[in-house]
1. Along the Cα→Cβ direction, 7 angstrom out, place labels at residue 55 and residue 31. What is the inter-label distance in nm?
2. How high is the FRET efficiency between residue 39 and residue 14 when r is their beta carbon distance and R₀ equals 35 Å, given to the nearest 0.05?
3. Cα atoms only, region 2-67: Rg and Dmax in Å?
4. Report relative contact order for region 2-67 in percent, whole number only (criteria: Cα-Cα under 8 Å, sequence separation at least 6).
C-alpha cells in the first residue's frame, strides 16, 4: 500500500491581523492497493466537530499529496516502542 493523498479537515478558524485563518488537521490518508483506492480515517476524527460548510449538513475534506519531508506513520511507531523500553523503574508490571 502506498499513500497517495493526505485527507485534511478544517476544524476551526480564527482572525489574525484582520484576516480569517483556518485550522486544518490531517484526519486520514488515501492509499492505493491492488484492489483500488481506499480511505483510512483516524479513529479519533469526528466530523460533527467540523464547522458546517454546506447547506446539506455535509463536511468537506480536502486531499493533498503527501509532503516528502514528513515521515510516514508506520516509521514512527517503532521509535515510540524503543523509547518506552528505556524506562527504568521498580514497578513490577
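The numbers here are math on the coordinates, done by the rules we state, and not lab data. Quick caveat: nothing in here was measured; it's all calculated off a predicted structure. Positions of Cβ are backbone-derived with ideal geometry, glycine not excepted, and every protein chain shown enters the neighbour counts.
1. Taking the simple label geometry, residue 55 and residue 31 are separated by 3.9 nm.
2. Taking R0 as 35 Å, the efficiency between residue 39 and residue 14 is 0.75.
3. Expressed in Å, the Cα Rg and Dmax of region 2-67 come to 13.9, 48.
4. Taking the mean separation of contacting Cα pairs over the length of region 2-67, I get 39 percent.
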